[in-house]
1. Taking amide hydrogens as modeled 1.01 Å from N in the peptide plane, which residues meet the under 5 Å criterion relative to Asn270, leaving out close sequence neighbours?
2. Can you tell me how segment 22-106 classifies by the Cα gyration tensor, rounded, prolate or oblate, using a/c under 1.5 as the rounded cut?
3. Could you pull out every residue, at least 5 positions away or on a different chain, whose amide H is within less than 5 Å of the one on Asn316? Hs are placed 1.01 Å off N in the peptide plane, and Pro or chain starts have none.
4. Strictly over 19 Å apart at the Cα level, which of Lys158/Lys201; Lys84/Lys168; Lys117/Lys282; Lys353/Lys390; Lys198/Lys261; Lys158/Lys258 would you flag in this model?
5. As a check on your grasp of the helix formula, calculate [θ] at 222 nm for the chain: sum -39500 (n - 2.57) over DSSP H runs of n ≥ 4, divide by the residue count, round to the nearest 500.
6. For segment 281-388, how big is Rg over Rh, using alpha carbon atoms and the Kirkwood form of Rh?
7. Which order, highest average first, do 163-175, 209-221 follow once you tally other Cβ atoms within 10 Å for each residue and take the mean per peptide?
8. On C-alpha positions alone, give me the angle between the axis of helix 96-113 and the longest principal axis of the chain, in degrees, nearest 10.
Amino acid sequence: MTNAKNEKETIMIKIYDTMTRNMREFVPIKDGKVKMYVCGPTVYNYIHVGNARSAIAFDTIRRYLEYRGYEVAYISNFTDVDDKIINRAKEEGITPQEVADKYIAAFREDVTALGIKPATRNPRVVEFMADIIRFVSDLIEKGYAYESQGDVYFRVEKSHNYAKLANKTLEDLELGASGRTDEETARKENPVDFALWKAAKPGEISWDSPWGPGRPGWHIECSVMSTEILGDTIDIHGGGADLEFPHHTNEIAQSEAKTGKTFANYWMHNGFVNIDNVKMSKSLGNFITVHDALKTIDGQVLRFFFATQHYRKPINFTEKAVRDAETNLKYLKNTYEQPFTGTVDAGELQAFKDKFVAAMDEDFNTANGITVVFEMAKWINSGNYDATVKDALTAMLEVFGIVFVEEVLDEEIEALIQKRQEARANRDFATADQIRDQLEAQGIKLLDTKESTRWQRMP
């Protein structure tokens, strides 16, 4: 475990909690351990850069918690039972299961390219069907839910502080829903009640239940997977800002109705992705999948781009911003790969480590954390580099999912670089230039500094 805490008292991570709309000091349920649930994708298509932003943001948060010495149980689900999956299966002439399998495989491929650590577990809804049916039955028994024509709905008016997470009131929601006249609304006691179980339509995938064949509603799935795997109360629940209402709101309502306990102690939501200053949406056609983006952008570059903005703020996806991220990442790689310079002031190194922790402890502020990394890179480039500095830099970069694989030159090229250094020392610049041109032809670019010659492979 990297840079584990020395003293428990030193850990003062603050989290912006969406529920309270305040910064709160992070105090886990169990000392040194974190239980974290992050809503994963509905697997009917390739993930888009908005999904990627959420996956990267919470992976970074997980990594930083580990950097600070915590053991993290990180659960992120696959929603593999959904209307969108059923519709996609009809379009492609395959089963909903095959659709889900196809896009889960694509998701795993994409997040690996983005340097996202595998979750402790990726539960699938189909694995929890019996638990879902039991959960819904419990809510009916407790009077929080009711059956209507094969559907089961949650009685929202019985929920304490419903929609507090989204800063809404039940009155506002009832007013907004009062004019609804559709078929489903007619089956409900109150238009704002939401589905826990849906009766199957003819030809649809379904499971047997006490209320007839059907499938679960979207919200119940995450409640069941979270409580079954992590227990009634978790430390952190995360997801995109679009999930505050109704998804997370309904998760809270049904989970706390069943258990009588607080569902999650901290709620975290990442900001949206804008494409050239316009919010990404399918209707506008400015929709970018990670699958397509990775054809022209290196996964690490894409990852690094997202790290430059605080997770709660919107981020503007532009070609220039991505290219800037690429340039900055190359600078860090060149810094990382340079030879050691000798003695380093341990106090100065510690000051960078402390500054990094202070930045990241403030609600995982990656923008400020990255700034510290660049300050440290400048210090390294001015002649402060040894194994301890490299280890510290490696640990910081890993928080952002950045891992540099050092390339080994073959002996011939190494010999040429050495020969060129000797030629330069003898002021034989004609030979030195000739060797530089020769190496360039082999795709090796040389970077001369006062202390040494560094190299990098050209793209």
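1. Gly239, Gly240, Ala241
2. Prolate, because a/c is 1.5 or more and a/b exceeds b/c.
3. Amide H neighbours of Asn316: Asn274.
4. Working: Lys158/Lys201 29 Å; Lys84/Lys168 27 Å; Lys117/Lys282 28 Å; Lys353/Lys390 12 Å; Lys198/Lys261 26 Å; Lys158/Lys258 12 Å.
Violating the 19 Å limit, Cα to Cα: Lys158/Lys201; Lys84/Lys168; Lys117/Lys282; Lys198/Lys261.
5. Values: 16 runs with 204 residues, N = 459.
That comes out to -14000 deg cm²/dmol.
6. Details: Rg = 16.8 Å, Rh = 15.8 Å.
Taking Rg over the Kirkwood Rh, I get 1.06.
7. Values: 163-175: 15.6, 209-221: 21.0.
Highest-to-lowest ranking by the protection proxy: 209-221, 163-175.
8. 30
All of the numbers you see were taken from the coordinates with simple rules; none came from a lab. Bear in mind that the values here come from a model prediction, so they are computed numbers and not experimental data. For neighbour counting, all protein chains shown are included, and Cβ atoms are generated from backbone atoms with ideal geometry for every residue, glycine included.
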